[in-house]
Structures are given as C-alpha cells and as structure tokens.
Amino acid sequence: MRLDRWLFALAACLTLIGAGRDEFDAWVDATALPPLAIETAPEVRDRDGDLLRAYQVGDGRWRLDVTQDGVDARFIAMLLAYEDKRFYHHAGVDLRAVVRAAVTSVAQGRLTSGASTLTMQVARLLEEGPTGEISGKLRQIRVALALERRLSKAEILAHYLHRAPYGGNVEGVRAATLTWFGKEPARLTPAQSALLVALPQSPETRRPDRHADAARTARARVLARMASAGVLDAETARAALREPIPTARRPFPAHAPHLADRLITANPGARHITTLHRPTQVAIESLARQAVRGQEQRLSIAIVVADHQTGAVLAHVGSPDYDNTRRQGFVDMTQALRSPGSTLKPLVYAMAFDQGLAHPETLIDDVPMAFGSYAPQNFDAQFRGTLPLRRALQLSLNLPVVQLTQAIGPARLLADMRRSGMRAELPGGKPGLALALGGVGVTLEGMVQLYAAIARGGSGVALHMVPGQGGPTANLIAPEAAWHVGDILADLAPPPGAPRRAIAYKTGTSYGHRDTWALGWDGQHVIGVWMGRPDGTPVPGAFGGDQAAPVLFQAFGRVAPQRVPLPPPPPATLMVASADLLAPLRHFNNRARAFAPDPDAPHIAFPPSGARVSLNGGPLVVKLRAGRPPFTILADGRPVIRRLSGREAWIDAPGTGFVSLSVIDGLGRSARTDVRLD
C-alpha cells in the first residue's frame, strides 16, 4: 500500500471518530458482518485424543478445530509480540500503532511498518477481501471495530488460529503444524513457532516447500524481533536459526480410513472419539501392508484387534491400502460377508461340551458316512478312523464336526451364532449341516466378536469402536466348555518360529480357496485375520494355516509383546482320560450311524444283486467282503454252508431260475443278493 493511501485511511478514520461519538457508534453497530461460525473439518481420534484421520472442509481446505489451550503458549506470545503487542488493550484498531506507522513513514518517505491488528487481520480473513485499496482498508477497520463489540478477545484469537493462511490449502495453526512438522501444535520449538508467525504474512511466497530461502529469511526476522523484545533469549534465538526448514508437506493422518468413513457417514459431526489405540493401529496397518507385499496384486487383507474383556476394538484394518484400486482397497473387508471355512468349528465343539454330548477325550469316528443326501469329506479326502474329539478339532476334520452339528441341531448353532451378536446370513433356505463347514456368510468383525465370547469363558461381549457402546451380551456356553476349546486350540503347532501355547487359535479356508482365516486369543486380546480377493475369486493354493496364521502371530507380537497368558481351568472342569469317562461319553454315538447300514457289515461281493450267472452244470462261487467270520450262507432261506472261516465258497446250485442268496456273519449281521442262474 502506498503512503498516501495509508494517510488517507487514517484521516478518514479519525474524521469519523471526530464527527461525533454517537454517529460513530451507530456506524459501527450497523456493520453487516460475514458469518462468524468457524467451519472445521470432521476428524476421527483414538481413545487418547490422538488424531487418526482428518478430512477437508467443503471447499477443499485443511482447517482443523483447535483451542488456545491446545497451542504452544510460546507461539501465542510470539504471535502477539510480532503482530499485535496491544491486542488486549485496543478496540480493534490500534490508534497508537497507526500514528506511529504514519509518522515513521512520513519521516522516511516510505512505509516501514504496518498498523494492522490481529482483529483487522481476522476481518480480512472473514471477508477474503482486498486489503490494498482504501475502500478495502476502511472496510477492514469497520469490521474489526464491530468484531470487538460482538466477540471476546479469546474468540477473535480463535478465529485467527483457525483461519490464518499457511500456504496452499492449509488454514489455521493446527493444520499448519501437521502439514509442515507432522505434529500437533501443543509443543513447538522456537524455530517452528517463528516460522508459523511469519508464514501468514505472505503464505505463498514464503512456502517452505517452494521458497525455502524466503521462509528461512522471514523466520530469522521473527526470531530477531523476539530476541530484541525479550520473548526469547539471545542464545535460544541463535540456536533456532540452525534448525532446518521443512522442505515438503507431510500427509495428514489417514489411519483406520474405513472405520473413519463409517463413523463420519453415520454422524457427520466434527469430531469422533473411538476406542482405537493409535500406536496399535499404526503397527497393524504396517503389518497388513507387509503381509501383501510381493503377493499377487489383487490380494487383500483385513485385521481386527480387540480387548475381549471389554469388547473395545483397538485396531481396525479394512484393507492394506485404501487407495489401491487393483486390490479394491476402498472395500472394507471387515464387514464383507464371506464363508468362514473351518473357523466355526470351535463353537460347535464348545456347544457339544456344554450340552453334555461329548468331552474332549470322547472318541469319535472319522469314517465315510452320509447324512441323507449329504456326504461330506475331509479337506484332504482322507479319514483317520476312531480318535478323540480333541484331536479331531486340532486336525480340523469335517466328519466329526458334522456329527456334532447333527446332534446339536444346525438351527441351534445358527441361533447361538446370532445370539453372540455376529451377523450370519444363509445363502438360502433353512440351516443345514453344511453350516458347520462354512456354509454361511459372516464378517470378520462378527467372527472376532464370536471368538471374544469363547475367550472370555463363554460370556458374550459387544464389539464396539465408540466408547460407551459396549457391554455384555448373551451367555453362549459354560466357562468349562469354553476353556476346553481354548486348551485344545492352544496345543496346535504354531507357525515356524512362533512360541507354543502362547495363544489359542484356529485357521480356516473356504471352498475354492476364496478366503483364508486365522482367529485367536490370549488372556486379554482377540485378533482376527482375513485374506483373499475382495471380488470373491479363488486364490489358488491359499490355505489359512500358511497364509493367515503367520500374520495372526505377528499381530499378537506387535499388539502385546508381553502377552497375557491364557487362563487356568475353571474349578469344575473335568479333566480325565477317555477310559475314565462315564460310559455314554466314551464314544460319541452318531444318530446317522445308528440308523444307517453298518459299513463293516458283511457284503456279498459276487454274484452282485441282479446278475445273471451261467453255471454250465458246475457249482456257484460266492465271494464275501467285510463282516466277521464264521459265516453262514443260505440259498432261498436254506443253509448251504455253515461256519465258513474264509470269504470265498463254492456251493451246489439249487437249480436254474431266480435264487436269493444270504450271508450271516459271526455278529449276526446279514446281507442279501438276488440273482438268476442259467
């Protein structure tokens, strides 16, 4: 601004004041002020108030909420000393400063110092109007005077702290400290404070990422002024000159983006406090990125960490990279409905133990069997014969868990899943036995909530991300049943290099290798890991034990290096060998096997039923399979051979035509075949 314009503005202002106090007051009171509400960006914080994710205001600017108490007191002192020493003593326009600036400028023939107060600067920021024209300066003066009558000094300072420009689309001291220093404004170095004082005077020509020399010179000018004013001692000011100038903008925090988006969408308020723990969140996000590094480009991962004692979520990762379109990183896989594979088996076993249907040492048959038209097989298509339920769960066998599900009832299993608070969607129709093997849509969040219930002794707890929203839910199973399952799963061999019996965990792989899972718990935390492609296409060769389990153990290592041990057994826990169990519990009696043909019963292998056999006058050969000798063979109901010890015999034909052959083994089991003899 030229000297004559300053003098004209000063003369105009003094003329108005001298024209009459009443007229002047009326002129100020009639000032139409711009909107005074401060729009700040929504933000999401962790349990300690640390920033997790910030958003921009509507016009794309970074402007974050800040209080004077949240700003370094030395910065405030330096700002006032440099910009407006009499801020708390003038009424918006500092006439002393105006007179001093005018006299000095007249004496030196050029404008050597300004007289703009912080209130006048706020007036300019509110209106975003020109400052160089006389009309613009007069308007600033009028608005500043009006602001002082309608706002307190603290409110005016708050407007400056929120609106001061710091280069580009950065406004306000808090957005500035995060941009240039990567920190909150509560604790600043003298050099950082000096740069923040200097930047708003010329935010574009002093931007440190583009004009480092200009920024350094402006900072030095502020430091020199602060030393001469006694705000800083000389040694502190000299030391501050040696501090490097930031040369690049830092990205704003963008942790837990999926959860943050969900909270902002549900409630577009300016500030959300979560149960997340920022150091844990950062560590788990880093682990997720590491887990897919070098993997095929469409592979994604989701991880949820919670305190199973309270249900509070400590870390929430919906994808490894929010902006990665190849991995569909924008999809929150903690909420996607996916097949859980074998990860529902612990609940089935716990329910069987709780209902007194079985004990971990109860023997069960892992042999081929059909349940009506449903004939499941184990994942490896192998069968292990008779073995304890403990071992069947550790091997994640399918036939044993289907037998338990049949005894419990799939509808009851589904009801308990939903009672835990988890989401469970059937592909259609009523629940069937395939439910236990992953024939249901669940979410990672829901599975973590289910495992939290088992981890805390069968008592459900609501998984929550916002403080105050948790609390206990239904009691699913007895503490003894829950402990038995945890004890069995803690005995699983961990991934190479991981400690034994540190956590109880279960892995799962859905049909077609579309999803791999690993969920586990220790004495305090429960963690769930999902890996797969968001579009649901297969990941050839992927298994939960190979892919997700190592990530699970690494997550526990990052969350709790000093792990809380698993709890001891409840007092009423029954810990005996199979032979010491009550007779009904020694061997699981499957209803499907009780009413189905005995697979070990005798069978006439030859001649097969319906066959036509030409004897040509000779004897008929009969071949047997299975069964226990001695055998009795009958033709049309009449015994033809008794006490046969082998499995092949020659009998005299009763004649031509149709004949019914039967065999009875040593246990009274029988088989029959009908043939035609020629």
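The values are calculated or read from the model by the stated rules, or taken from the named source; none is laboratory data. All of these numbers come straight from a predicted model, not from anything done at the bench. Neighbour counts run over all protein chains shown; Cβ positions are idealised from the backbone, glycine included.
Restricting to segment 601-615, name every residue that is closer than 16 Å to Gly646 by Cα and either among the small types (Gly, Ala, Ser) or outside any strand (DSSP E or B) (or both). Scanning segment 601-615 gives Ala601, Pro602, Ala605. Taking the conditions exactly as written (touching a residue at least 40 places away in the same chain (Cβ under 8 Å) and buried (at least 23 other Cβ atoms within 10 Å of the Cβ)), does Asp535 satisfy them or not? Considered against the rule, which asks whether it is touching a residue at least 40 places away in the same chain (Cβ under 8 Å) and buried (at least 23 other Cβ atoms within 10 Å of the Cβ), Asp535 comes out as no.
Among the candidates Thr236, Thr179, the residue that is under 30 Å from Leu52 (Cβ atoms) and at pLDDT 95 or above is uniquely Thr179.
So if I check each of Val57, Val93, Val44, which one is among the β-branched types (Val, Ile, Thr), more than 26 Å from Leu223 (Cβ to Cβ) and not in a loop (DSSP other than H, G, I, E, B)?
Values: Val57 fails: not in a loop (DSSP other than H, G, I, E, B); Val93 fails: not in a loop (DSSP other than H, G, I, E, B).
None of the other options fit; the residue is Val44.
Gly668 meets the conditions (1) farther than 14 Å from Lys623 by Cα; (2) surrounded by fewer than 17 Cβ atoms within 10 Å (Cβ to Cβ); (3) in contact (Cβ under 8 Å) with a residue 24 or more places away in the chain in every case but one. The failed one is (3). For Asp25, the conditions (1) part of a loop (DSSP other than H, G, I, E, B); (2) at pLDDT below 80 are fulfilled apart from (1). Restricting the first member to segment 561-572 and to residues that are in contact (Cβ under 8 Å) with a residue 60 or more places away in the chain and of a type in the set (A, V, I, L, M), and the second to residues that are surrounded by 10 or more Cβ atoms within 10 Å (Cβ to Cβ) and assigned to a loop (DSSP other than H, G, I, E, B), the beta-carbon pairs closer than 7 Å and six or more apart or on different chains are Leu566/Asp522; Leu566/Gly523. The set of residues in segment 619-650 being at pLDDT 85 or above, in a loop (DSSP other than H, G, I, E, B) and of a type outside the set (Ser, Thr, Tyr) consists of Pro619, Ala626, Gly627, Arg628, Pro629, Pro630, Gly646, Arg647.
Give the residues of segment 508-531 that are assigned to a strand (DSSP E or B) and either surrounded by fewer than 24 Cβ atoms within 10 Å (Cβ to Cβ) or free of Cβ contacts under 8 Å to residues at least 24 places away in the same chain (or both), sorted by residue number.
Passing the criteria: none in range.
Please count how many residues of segment 60-80 are part of a loop (DSSP other than H, G, I, E, B), under 20 Å from Gly168 (Cβ atoms) and in contact with a Ser or Thr (Cβ under 9 Å, 6 or more places away or on another chain).
3
Count of segment 217-243 residues, restricted to those that are surrounded by 19 or more Cβ atoms within 10 Å (Cβ to Cβ) and either charged (D, E, K, R) or touching a strand residue (DSSP E or B) at 6+ places or on another chain (Cβ under 9 Å) (or both), is 1. For segment 381-396, filtered to residues that are assigned to a loop (DSSP other than H, G, I, E, B) and small (Gly, Ala, Ser), the residue that is modelled with the highest pLDDT is Ser396.
For segment 255-269, a residue qualifies if it is touching a residue at least 12 places away in the same chain (Cβ under 8 Å) and surrounded by fewer than 15 Cβ atoms within 10 Å (Cβ to Cβ), and the qualifying residues are Pro268, Gly269. Taking first residues from segment 172-195 that are surrounded by fewer than 23 Cβ atoms within 10 Å (Cβ to Cβ) and partners that are part of a loop (DSSP other than H, G, I, E, B) and among the small types (Gly, Ala, Ser), the Cβ contacts under 9 Å between residues at least 6 apart in sequence or on separate chains come to Thr179/Gly167; Thr179/Gly168.
Looking only at residues in segment 609-658 that are touching a residue at least 60 places away in the same chain (Cβ under 8 Å) and surrounded by 11 or more Cβ atoms within 10 Å (Cβ to Cβ), which one is farthest from Asp674 (Cα to Cα)?
Checking each candidate, the answer is Leu615.
Tell me, please, whether a residue that is farther than 27 Å from Asp307 by Cβ, among the basic types (Lys, Arg) and surrounded by fewer than 24 Cβ atoms within 10 Å (Cβ to Cβ) can be found in segment 406-421. Yes, there is a match, as at least one residue in segment 406-421 is farther than 27 Å from Asp307 by Cβ, among the basic types (Lys, Arg) and surrounded by fewer than 24 Cβ atoms within 10 Å (Cβ to Cβ). All conditions in (1) within 30 Å of Gly486 (Cα to Cα); (2) surrounded by fewer than 15 Cβ atoms within 10 Å (Cβ to Cβ); (3) touching a residue at least 60 places away in the same chain (Cβ under 8 Å) hold for Asp580, with the sole exception of (3). Here the condition is being surrounded by fewer than 23 Cβ atoms within 10 Å (Cβ to Cβ) and farther than 30 Å from Arg262 by Cβ; of Leu287, Leu393, Leu397, Leu363, it holds for Leu363 alone. Beta carbons closer than 6 Å, at least 6 apart along the sequence or on distinct chains, pair a first residue in segment 378-401 that is within 15 Å of Leu435 (Cα to Cα) with a second that is in a loop (DSSP other than H, G, I, E, B) and at pLDDT below 95 for Leu397/Asn378; Asn398/Pro376; Asn398/Asn378.
A single member of Asp365, Asp332 is within 28 Å of Glu296 (Cβ to Cβ), touching a residue at least 60 places away in the same chain (Cβ under 8 Å) and not hydrophobic (A, V, I, L, M, F, W, C), and it is Asp332. Where strands (runs of 3 or more DSSP E) sit wholly within segment 247-359, those with at least 1 residues that are more than 12 Å from the chain's Cα centre (by Cα) and not hydroxyl-bearing (Ser, Thr, Tyr) occupy 271-273, 300-307.
Scanning segment 547-584 for residues that are small (Gly, Ala, Ser) and more than 30 Å from Arg293 (Cβ to Cβ) yields Ala572, Ala577, Ser578, Ala579, Ala583.
Residues of segment 424-462 that are part of a helix (DSSP H, G or I) and closer than 28 Å to Arg262 by Cα: Leu444, Glu445, Gly446, Met447, Val448, Gln449, Leu450, Tyr451, Ala452, Ala453, Ile454, Ala455.
Each residue in segment 366-387 was checked for being crowded, with 20+ Cβ neighbours inside 10 Å and under 21 Å from Ala577 (Cβ atoms), and 1 of them qualify.
State the number of residues belonging to segment 469-503 that are in a loop (DSSP other than H, G, I, E, B) and among the aromatic types (Phe, Trp, Tyr).
Final tally of qualifying residues: 0.
Okay, residues lined up against (1) at pLDDT below 95; (2) among the polar types (S, T, N, Q):
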{"position": "Val348", "(1), (2)": "no, no"}
{"position": "Pro360", "(1), (2)": "no, no"}
{"position": "Phe379", "(1), (2)": "yes, no"}
{"position": "Gln403", "(1), (2)": "no, yes"}
{"position": "Pro427", "(1), (2)": "yes, no"}
{"position": "Val440", "(1), (2)": "no, no"}
{"position": "Ala452", "(1), (2)": "no, no"}
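Taking segment 554-596 as the search range and keeping residues that are among the charged types (D, E, K, R) and part of a helix (DSSP H, G or I), which one is modelled with the lowest pLDDT? My answer is Arg593. Of the listed requirements (1) touching a strand residue (DSSP E or B) at 6+ places or on another chain (Cβ under 9 Å); (2) over 23 Å from Val170 (Cβ atoms), Pro253 misses just one: (2).
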